[in-house]
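The values are calculated or read from the model by the stated rules, or taken from the named source; none is laboratory data. As the structure is a computational prediction, the values presented were derived from the model and not from experiment. Quick reminder, even Gly has a Cβ in these numbers, built from the backbone with ideal geometry, and neighbours come from all protein chains shown. Surface areas here come from the heavy atoms of the whole protein model, side chains and all, with no ligands, DNA or RNA. Shrake-Rupley method; radii C 1.70, N 1.55, O 1.52, S 1.80 Å.
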Amino acid sequence: MLLHARDLTVRYGQRTALSGFALQLEPGEVRALIGPNGSGKSTALQALAGLVGAAAGRVEIEGRSVFAMGRRELARHLAFLPQQPVAPDEMTVGQLVRQGRFAHVGLFKSYGPDDEATIAWALDSTGLARFAERPLNALSGGERQRAWISAALAQEARILFLDEPTTFLDIGYQVELLDLVYRLSRERGVAVVMAIHDLNQAMSVADRISVMEGGRCVFDGEPGALASSGLIERVFRVQGRFVDLAPDAPPHFDVDLLRRHSPVGLTAQSLSH
Amino acid sequence: MTPLAPPLVAHPPARRLVPLLVGLTLLAPLVAVFFGVADLPLGDVAAVLTGGGSAEARSIILDIRLPRIVTGMLAGMQLATAGFLLQTITRNPLADPSLIGVSQGATLSVTLFLMIAVYSHDPTPTTLVALPWSWLPAVGMLGGLVAGGLIYLMTLRHDLGPLRLTLCGVAMGALLQALALGIVAGWGSSRMEVLLEWLSGSLYARRWEHAVFLAPFTVAGLAVLPLLRRPLELLRFESTVARSFGSAYRRDFSAVLFVSCALAASAVGAVGPIVFVGLIVPHLARKLARGHFPLVLPLTVALGAITVTVCDLLGRLLGGADEIPIGVVTALCGVPVLIALLRRTP
Ligand SMILES: Nc1ncnc2c1ncn2[C@@H]1O[C@H](COP(=O)(O)OP(=O)(O)O)[C@@H](O)[C@H]1O
Ligand SMILES: [Mg+2]
């Protein structure tokens, strides 16, 4: 097993943001982390990456405790893209992506041909090869997000954590990112954990799904099992149903929206009920 | 796999700056040697520099001008580097050595020291005694280091973040400054001008001992910079990002803070708090480096030396016999430069 976490608990002051969280990750596995806002997805990812102190629990990568590893060694095993990272002013896309190689080059070693090739590959994978010289603050939100994804890719870690990587992307780049995740997992054996809001994207790309609610993991299993659990409607407080679109594809969640039942002439008064 | 992207380190316009700056760093002190309050014919200066010259010219050049220039250059490099390091790790473009209380700590300790020295040596403030001048650099440095250390400990109790550091530094700095001012106000001795001169940042009467005092700090400080190069690049990010890239954030943050504190405190001890050098020079360097971060630090070091040398020369030439302290010159020149830089910042 590549990564194994048990009983992870994180507290911010009095408030418990994560309790008893567990996760197992095999090489090449894609895991989606879903749940409402504030349910603890980011906290779980940060705790797994050793970025917030855990009040209890363990995280091991191939049997070795993450908390006992140096940051640089850990960075060679695990790349983490935070939810809304901020880059220094005037930094270019290329310079950002180069930082991803720090775990490999360290304090003195200069960037070799391998490093340059990896950087070029990372830029190319997100379609940013032509953007290397552009300052980050001159990019759109989606382009910037892809630059950060490239930086995480340049780390060449076998575990990749992505915290809402599709938020600022248009549907085309969302699909491209999900395809990239899929290829990384299948071709390079990278294990990916990503917090993601689009339930159907999670269902279609993930091998396993963890559902978070109030800091707890209330479901850990395959997409098909989630569909039949009835959890989604409760956790996300929505009405809807899973429909099968194709025989061997994961089912699609079709959510009920108010306006479907509401003709145009609906009065404000009847809305308030 | 795609063909290799061109190496991102290549940056021709910025690269060409390096020889220019090295040239200026050598030229500025040379010019400064030739001009001063005492009107020495250029030929005499040249003679001294080549090993000859009259005894008077030798004394003026070797005992007065050169030590002053060297002290200024060392202090300039240190203050500018300290400012750059602080601006980088606090991600605050307005950071300078006063941010971590170094200047104020040095001010307070020098004030206390002078007061004690004056009263213990000389109860009647009308007679002149030899003040223990040679102690001032060490006393100032100690005060600066203690203040920096206190602020570090205050920050450490929380999460050692840039914001904490800034808040603790500003609060502690204001307190130390107020204490020093209180003492000055209550003291009211004729010796106050000694303190005022030190406070305005001055290279007046700086001798070789000041340069010798500073040199180890300059050398050690510059020698560790290559070690800090990559950690500094990562410290420009918020801690979550830096750490996920593999940075030992707390260790590196502390190390950089310590280096900048030592550089600033020793410089302030030797020449007083020369304002604006630590603030403006890194900005100039950043403008010149045009986004090429690894170049900013060497540019900062060179520009620090040049700025102090040129400003001191200006102060000497413009003020005539009553030379203008360099701290006043840097402030007068610094404000328009700062405004010009800000105008071009989006
Ligand atoms: N740095 C923090 N300090 C205090 N509380 C926090 C912090 N980060 C998150 N929380 C709280 O922890 C809970 C989980 O947050 P988070 O993990 O960010 O949720 P999600 O990513 O699922 O939206 C929320 O209630 C949030 O308010
Ligand atoms: Mg989140």
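Observations
- Candidates B:Cys333, B:Cys261, B:Cys311: whichever shows maximal mean-square fluctuation once chain B is modelled as a Gaussian network with Cα springs under 10 Å: B:Cys333
- Residues of the range A:83-116 buried by at least 30 Å² of accessible area upon assembly of all protein chains, compared with the chain on its own (1.4 Å probe): A:Val86, A:Pro88, A:Glu90, A:Met91, A:Gln95, A:Arg98, A:Gln99, A:Phe102, A:Leu107, A:Phe108, A:Glu116.
- When the range B:155-256 is described by a simple charge dipole with +1 on each Lys and Arg Cβ and -1 on each Asp and Glu Cβ, the residue from B:Leu199, B:Gly169, B:Leu179 located farthest towards its positive end is B:Gly169.
- In this structure the protein assembly as shown gives 45 Å² per residue of accessible area when probed at 1.4 Å with all protein chains present.
- For chain B, alpha-carbon Rg relative to the globular expectation (2.2 N^0.38 Å, N residues): 1.05
- Residues whose amide H falls under 5 Å from that of B:Ser200, counting only those 5 or more places apart or on a different chain, are absent, with hydrogens built in the peptide plane.
- Candidates B:Gly315, B:Gly144, B:Gly52, ranked by Gaussian network fluctuation over chain B, Cα under 10 Å, top entry: B:Gly52
- In the B-A interface, the accessible area buried, summed over both sides, Å² (probe 1.4 Å): 2900
- Of the solvent-accessible surface of the protein assembly as shown, computed with a 1.4 Å probe and all protein chains present, 62% belongs to carbon and sulfur.
- Rounded to whole Hz, the Karplus (6.51, -1.76, 1.60) HN-Hα couplings of the range A:208-214, x for glycine and proline: 9, 10, 10, 9, 9, 8, x
- Here's the picture: charge each Lys and Arg Cβ at +1 and each Asp and Glu Cβ at -1 in chain A, and of A:Tyr182, A:Gly38, A:Thr9 the one pushed furthest to the positive end of that dipole is A:Thr9.
- 1.4 Å probe, heavy atoms, protein only - residues of the range A:37-74 losing at least 50 Å² accessible area vs chain alone: A:Leu51, A:Arg71
- Distribution of pairwise C-alpha distances over the protein assembly as shown, 20 Å bins, in %: 17, 40, 27, 13, 3, 0
- Counting only DSSP beta bridges whose two residues both lie in chain A, roughly 60 percent are antiparallel.
- Each peptide in B:167-174, A:188-195 gets a packing score, the mean of other Cβ atoms within 10 Å over its residues, and the list from highest to lowest is A:188-195, B:167-174.
- Within the range A:121-262, antiparallel bridges make up roughly 65 percent of the DSSP beta bridges whose residues both belong there.
- For the range A:1-143, the Kirkwood hydrodynamic radius from C-alpha pairs, put into Stokes-Einstein at 37 °C and a viscosity of 0.692 mPa s, yields a diffusion coefficient of 190 µm² per second.
- Among B:Val146, B:Val31, B:Val296, the largest mean-square fluctuation in a Gaussian network model of chain B (Cα springs under 10 Å) belongs to B:Val31.
- Taking the Cα centre of the range A:1-117 as reference, the dipole from Cβ charges on Lys and Arg (+1) and Asp and Glu (-1) amounts to some 420 debye.
- When only the Cβ of Lys, Arg, Asp and Glu is charged (+1, +1, -1, -1), the dipole of the protein assembly as shown relative to its Cα centre reaches about 240 debye.
- DSSP H segments from chain B that extend 24 Å or more along their own axis, Cα-based, with Kyte-Doolittle mean of 0.5 or above: B:17-34, B:66-90, B:102-121, B:136-157, B:162-187, B:208-235, B:249-271, B:293-319, B:326-344
- Rounded if a/c under 1.5, otherwise prolate or oblate - the range B:156-215, Cα gyration tensor axes: oblate
- Karplus-based coupling profile of the range A:85-92, in residue order and whole Hz: x, 10, 9, x, 4, 6, 6, 8, with θ = phi - 60° in 6.51 cos²θ - 1.76 cosθ + 1.60 and x standing for Gly or Pro.
- Amide hydrogen proximity for A:Phe242: with H placed 1.01 Å from N in the peptide plane, the residues at 5 or more positions away or on another chain lying under 5 Å are A:Asp254.
- Backbone phi angles across the range A:226-240, fed through the Karplus curve with coefficients 6.51, -1.76 and 1.60 (θ = phi - 60°), yield HN-Hα couplings of 5, 4, 8, 7, x, 6, 3, 5, 6, 5, 8, 6, 10, 9, x Hz in residue order; Gly and Pro are listed as x.
- For the range B:153-291: span of alpha carbons on each principal axis (Å, largest first): 58, 34, 27
- Mean residue ellipticity, 222 nm, helices only, the protein assembly as shown: the sum of -39500 (n - 2.57) across DSSP H runs of n ≥ 4, divided by residue count and rounded to 500, is -17500 deg cm²/dmol.
- Built amide H within the under 5 Å cut-off of A:Val52, gap 5+: A:Ala47
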